[in-house]
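Where a number appears in this text, it was derived from the coordinates with a stated rule and is not lab data. Bear in mind that the values here come from a model prediction, so they are computed numbers and not experimental data. Because the Cβ atoms are built from the backbone with ideal geometry, glycine has one as well, and the counts that use them run over all protein chains shown.
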Amino acid sequence: MGKNKFEEFLNKEDSEVVEINWDKKKEFFIGKVNEFYEQMDTFLAPYQDKVTIKKENYTINEEYIGSYQVKKRILHIKNNDIIFTPIGTNLIGAWGRIDMEGTNGIVKFVLVPENNNIPKIETAILSTEEDKKKWKENQDEISKKNNEAKKIWKIATPPPNIKYINLDEETFFDALMEVING
């Protein structure tokens with residue numbers, strides 16, 4: 001039985017391989033990081049005399065993409081430094097992540113389809129070819145919807161019950177105060 005299954009596996013044609021344009025994925029992420037910073041600058045504009053923003057080059061090294069440059073931001077507010085570090089785009093359940101770190105902890109911003117309010121990871125046990133076919137069709141439809149959906153930055157709450165909170169001026173300042181213990 002084992003040898004026959006092995007030979008069957010070797011002789012079976014490979015299933016459809018999905019090609020990923022890694023350069024396009026990287027450029028999309030870099031663009032979204034820049035959009036995040038523009039939104040942050042808008043929120044902080046009324047306080048420009050009390051907040052210093054320092055920009056630094058930062059290198060991310062991701063599997064399949066390689067090394068690339070993005071900007072890291074450091075806010076200086078009173079005696080607090082708050083660091084915004086882009087993490088990358090090759091993530092499970094998100095198109096990208098930026099961490100905001102202060103003396104009191106880290107808040108994670110995730111790039112997700114705008115209709116997502118929680119991460120969704122699904123497993124299935126498929127015993128028949130019909131089950132596999134139905135599952136694949138369902139996954140293809142979900143994947144298509146997620147790929148077509150607008151991607152926006154949201155705040156991810158800590159595990160185990162992760163939720164995505166819409167990013168707006170109020171939630172941004174709440175998160176900022178959380179990491180500086182204000």
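Assorted remarks:
- Fewest-first ranking of 32, 24, using other Cβ atoms within 10 Å as the exposure measure: 24, 32
- Estimated dipole of segment 52-125 in Debye, rounded to 20 [Cβ of Lys and Arg +1, of Asp and Glu -1, Cα centre]: 340
- Crossing angle, helix 22-44 versus the chain [Cα axis fit, 0-90 degrees, rounded to tens]: 30
- Spin-label model, residue 45 to residue 71: label points 7 Å out along the Cα-to-beta-carbon direction sit 1.5 nm apart.
- Between helix 129-148 and the chain: long-axis angle, C-alpha atoms, 0 to 90°, nearest 10: 30
- Note on the chain: with a GNM built from Cα contacts shorter than 10 Å, the maximum mean-square fluctuation among 67, 127, 143 falls on 127.
- Using a Gaussian network model of the chain in which every pair of alpha carbons under 10 angstrom is joined by a spring, one finds that among 162, 98, 125 the greatest mean-square fluctuation is at 125.
- FRET E, pair residue 20, residue 122, Förster distance 25 Å, beta-carbon r, rounded to 0.05: 0.75
- Cα long-axis angle, helix 169-180 against the chain (0 to 90 degrees, to the nearest 10): 80
- The order of 173, 6, going from fewest to most other C-beta atoms within 10 Å of their C-beta, is 6, 173.
- Dipole in debye (nearest 20) - the chain, about Cα centre, beta carbon charges: Lys, Arg +1; Asp, Glu -1: 320
- Of the residues 9, 29, 147, the one whose Cα sits farthest towards the positive end of the charge dipole of the chain is 29 (charges of +1 on Lys and Arg Cβ, -1 on Asp and Glu Cβ, taken about the Cα centre).
- Inter-part distance where segment 20-38 and segment 52-76 are each reduced to a Cα centre, Å: 12
- Here the Kirkwood formula, the inverse mean of 1/r across different C-alpha pairs, assigns segment 19-180 a hydrodynamic radius of 17.4 Å.
- Other-chain or far-sequence residues with amide H under 5 Å of residue 88's (modelled H): 97
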